[in-house]
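Notes for the one structure printed next.
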Amino acid sequence: MNKRRLQRKKRGRREKSKIVSPYSLFVIRHFLFVIFFSSFVILPSSFGQDSLLSQTDSWEVSASNQLEYSLNQKTHQDIFHNWFDFTWTYDLYNIGLRYEAHQPDDWGKTWQKLSYKYFELSPEILKLTVGNYYVMFGRGLILRSYENRDLRYDNNLEGIKGTLDLDGFDLTLLGGTPMGKYERVNDPLQGADGKIAFVDRITIGGSYLRTDITDFGFVRLFGGNLGLTFPHLDFYGEYARKDNPSGEFIEKDGDGIYLSSNLYYTGFGLSLEYKDYKRFEFINKDVTYNNPPSLTKEHVYTLLNRHAYILNLSDEKGIQVQISSTPFQEFSLLANYSNTTDHKDKLIFSEIYGEMEYDYKDLGTIKGGFSRMENKREDGSPYFLSPVFDLTYYLSEQNSAAFVLEHLWTSKYDGKLTYYDQIISFSLSHSPTISLTFTHERTTEWKTKAWSGKKNWFITSLDLALGERHNLTLSIGSRRAGKVCSGGVCTDRPALDGGEIKLLSRF
């Protein structure tokens, strides 16, 4: 009898150990650690005292932690991201570290590592960096290394970088290996970027970058730029060339051109931009080294952002024109037009966007917008019509209510397939401590084809400011999957059907 009881206890322990996975335990432990550590900082900051990480006359220590966790209630799948950044500065010296943990990430990959670390020496005219760093040459035609956590994108370089900053002369020399999606590319880059200001109104610069790509060959990019500044007018132009290795099966050399001009007076602004990129993509495995301007309007509204243009450096040219005006203090207007074609003048993407905003003293702000967009890269060559209405009403100095309506009408296959998507959100805020938002999305796309998924999504989000150093967001409900885009780069955000926690802490 005692043996049977002992066997049942052992089986019970084994079954309980299977309920919680090692990854879930890691997430729980990590979240509790952040909350526990944060509590020591929240209390002092609430009473106006110094935080644990303090500053003296000669040195300074700072840190931040960004945590994101979501759980899909239906599939029982969870996603966990955490970035911990630490910086220590003493006199001319600067040390930084970043530790990342993804258990798993948006694509199901589990990994954690010390992803970013550097030592920096900064005398008066010279900055020397050893370790990881970000850098951009010109407007990014030749090189742009950056991080965007919303896109889950980070192509930092690891190596050495030196920057000389004299009066009227800047020079950057670097060497390093870029970070791919999950691992570092072993083919090193070497580059130089410089700029000379002859007078206050004229600057001339140049850039050079080279690498030897495994199984492809030696590649280099080089170019120059010119900047002119006058009262009420400025101009910038940049040209870059890409040289590929010679060979029968290697594509021809490419080049890129970017031009921009801005005219501005009191209450009026005009921006003109031009691009021409041909066989200009600079890619090694899953790393894109260059990221020039895409010349399309970047939208803050969800539905328009989902159909943003994805940059294609192999074959595109286009323009963007934007006019802004403030006829009087409370009223502003904006109009934007962008058009991108290939080098055979075949349309790829175009958009006409208009926006007006009226801010009536302390009563409220009304914003309205309208977009007509065509994106030939998507299936069915769709065009979209999208009105947006955005209203904020000030209940008092600290309290406000906001209402946003987004409507996106889609037509595909020459009008043979039409449907619309709609997002309505309502929020109440008490600045700067708390905000509660209700968001509902619906679609009629299910009427056009066989449909087994959701037709409506509803999510409630609570934003809390915990002291001066912590921001917590709690979301419960469902959110539709879709693209998130910035600067011509997009990623697919997974759907949510459960709960989500975001905690940003600054120590």
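Coordinate-derived values only; no laboratory data. The structure presented is a predicted model; accordingly, all values stated were derived computationally and were not measured. Cβ coordinates were reconstructed from backbone atoms using ideal geometry, including for glycine residues, and neighbour counts include every protein chain displayed.
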In nanometres, the difference between 0.36 nm per residue of separation and the alpha-carbon distance of residue 232 and residue 324 is 31.7 nm
Quick calc: nm separation of the 7 Å Cα→Cβ label points for residue 90 and residue 166 -> 3.2
With an 8 Å cut-off on Cα pairs and a minimum separation of 6 or more residues, tell me the relative contact order of the chain in percent.
10
Mean 1/r over distinct Cα pairs of region 426-471, inverted to a Kirkwood Rh in Å, yields 13.1
Please give me the summed charge of the neighbours of residue 355: other residues whose Cβ is under 14 Å from its Cβ, Lys and Arg +1, Asp and Glu -1.
-3
Residue 460 versus residue 173, label points 7 Å from Cα toward the beta carbon: distance in nm?
6.1
Net charge near residue 424: determine it from the other residues with C-beta under 13 Å of the C-beta of residue 424, scoring Lys and Arg +1 and Asp and Glu -1.
-3
Which of 84, 216, 282 has the fewest other C-beta atoms within 10 Å, and how do the rest follow up to the most?
216, 84, 282
Counting other Cβ atoms within 10 Å of each Cβ, which chymotrypsin sites (Phe, Trp or Tyr not before Pro) in region 333-438 have at most 12 and sit in a DSSP loop?
413
Would you work out which of 111, 96, 312 lies farthest towards the positive end of the dipole of the chain? Charges go on Cβ: Lys and Arg +1, Asp and Glu -1.
111
Can you grab the distance from the C-alpha centre of region 426-476 to the C-alpha centre of region 190-215, Å, no decimals?
45
In deg cm²/dmol and to the nearest 500, what is the mean residue ellipticity at 222 nm of the chain if only DSSP H runs of at least 4 residues count, each as -39500 (n - 2.57), divided by the residue total?
-3000 deg cm²/dmol
With all distinct Cα pairs included, what does the Kirkwood hydrodynamic radius of region 298-507 come out to in Å, to one decimal, could you say?
19.4
Please report the equivalent ellipsoid semi-axes of region 170-316, computed as sqrt(5 x eigenvalue) of the Cα gyration tensor, largest first, in whole Å.
30, 22, 15
Greater than 20 Å separation of Cα atoms is the criterion. Which listed pairs, 127/181; 344/416; 74/113; 74/455, meet it?
127/181; 344/416; 74/113
Between region 252-299 and region 343-412, what is the C-alpha centre distance in whole Å?
23
For region 72-139, which GluC sites (Glu not before Pro) pass both filters: DSSP loop (anything but H, G, I, E, B) and at most 14 other C-beta atoms within 10 Å?
124
Under 14 Å from the Cα of residue 367 - aspartates and glutamates, other chains or at least 8 residues apart:
330, 355, 357, 359, 390, 406
Determine the sum of side-chain charges near residue 236: Lys and Arg each +1, Asp and Glu each -1, restricted to other residues whose C-beta is under 10 angstrom from that of residue 236.
-2
So how do 141, 92 line up by other beta-carbon neighbours within 10 Å, fewest first?
92, 141
Figure the gain on full extension for residue 344 and residue 272 (residue separation times 0.36 nm, minus the Cα-Cα span) and round it to one decimal in nm.
23.7 nm
With 10 angstrom as the radius, rank 179, 373, 356 by how many other C-beta atoms surround their C-beta, starting from the fewest.
356, 179, 373
Got the relative contact order for region 123-293 handy, in percent, Cα pairs under 8 Å and 6 or more residues apart?
18
Along each of the three principal axes of the Cα atoms of the chain, give the extent in whole Å, ordering the values from largest to smallest.
89, 58, 54
In percent, what relative contact order does region 309-362 have, based on Cα pairs under 8 Å that are 6 or more apart in sequence?
32
Expected unfolding gain across residue 111-residue 246 under the 0.36 nm per residue rule, minus the alpha-carbon gap, is 44.7 nm
